[in-house]
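This report concerns only the one structure given below.
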Amino acid sequence: MGRRGVSAGRGRAAGGTAAAARAPWRAPDRARVTRIRARLAEVYGVPVAPPHGDGLAELVLTVLSQSTNDRNRDVAFLGLRDRFGAWEAVRDAPNEEVEQAIRPGGISKVKSRRIQMILEAIGDPLDLTHLADLSVEHAQRELCALPGVGRKTAACVLLFAYGRRDVPVDTHVSRVAGRLHLLREKAPFEELHDAMLALTPPGAELELHVNLLRHGRRTCEARRPRCDECALRLMCPSRRA
Ligand code: SF4
């Protein structure tokens, strides 16, 4: 997924919506979070995705997801698994072979090097299941110490693989949550993750992440938010007139 950064027009808040420039940001209270969460659930439902338990696969998948769509990410991931069969083989292969296997996912030179560096840094055994038994903070620190791994990638591993309490803030989530004033727009990445976690009710980590992401893809798009048809427009301080 692309990195953060919503274009900011002259005199406008990030996201290009005129109303946001006039409305100062205040941290949302619990009632506001509850209303937004409920409205999103009415529109998109409550996602169900039990943790799959394979943190290493999730980590590689998240690296492959950068700057591409889900389909190309999945093709690249399957290419890797089909060609090498085991993560040890990916780690030890010549870089050109790994790059070739993941080429459908784009920027394959960068991603292939990053994947191999991560696998080398993990060492033997190539396994992350111990993360499920660490505190979330400890597991975040361990993941973020790996080459090129930041809070979003760590959160994907902890939430999707192990069902731990963390929330990935990707480009869609940060944009939509910023426009809704759930998060402070343009805040540093670390702050966005800490704030997102603080406002998310325990047990709603997957739901809020997925539904904000869906809303960003379907309605609150980066360049053209479709405020006139948005289910959240009456509670959105950034809506366009
Ligand atoms: S009204 Fe909806 S589409 Fe428009 S900025 Fe707000 S959340 Fe996005």
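Where a number appears in this text, it was derived from the coordinates with a stated rule and is not lab data. Since we're looking at a predicted model, the values are computed, not measured. Because the Cβ atoms are built from the backbone with ideal geometry, glycine has one as well, and the counts that use them run over all protein chains shown.
In terms of modelled amide H atoms, which long-range or inter-chain residues lie less than 5 Å from the amide H of Val149?
none
Place a point 7 Å from Cα of Glu229 in the direction of its Cβ. Which residues in segment 192-215 have their backbone N less than 15 Å from it?
215
Using only the Cα atoms of segment 91-201, build the gyration tensor, take square roots of its eigenvalues as a ≥ b ≥ c, and label the shape rounded, prolate or oblate: rounded if a/c is under 1.5, else prolate if a/b is larger than b/c, else oblate.
oblate
Give me Phe84, Phe160, Phe189, Phe77 ranked fewest to most by other Cβ atoms within 10 Å of their Cβ, as a rough exposure proxy.
In increasing order of surrounding Cβ atoms, one gets Phe189, Phe84, Phe77, Phe160.
Rounded to the nearest whole Å³, what is the per residue volume of the convex hull around the Cα atoms of segment 56-103?
Spread over its residues, the Cα hull of segment 56-103 gives 64 Å³ apiece.
I'd like the orientation of helix 108-122 relative to the chain: the angle between its Cα long axis and the longest Cα principal axis, in ° from 0 to 90, rounded to 10.
70 degrees
Per 5 Å bin, what is the whole-percent P(r) computed from every C-alpha pair distance within segment 157-226?
Binned Cα distances yield the sequence 3, 19, 29, 25, 16, 7, 1, 0.
What angle, in degrees between 0 and 90 and rounded to the nearest 10, separates the Cα long axis of helix 55-64 from the longest principal axis of the Cα atoms of the chain?
Its long axis makes an angle of about 70 degrees.
Quick check: the angle from helix 70-84's long axis to the longest principal axis of the chain, C-alpha only, nearest 10 degrees?
Value to nearest ten degrees: 10.
Using only the alpha-carbon atoms, what does the chain span along each of its principal axes? Please give whole angstrom values in decreasing order.
Largest to smallest, the principal-axis extents are 56, 35, 29 Å.
What whole number of Å gives the distance from the Cα centroid of segment 56-135 to the Cα centroid of segment 170-193?
About 27 Å separates the Cα centre of segment 170-193 from the one of segment 56-135.
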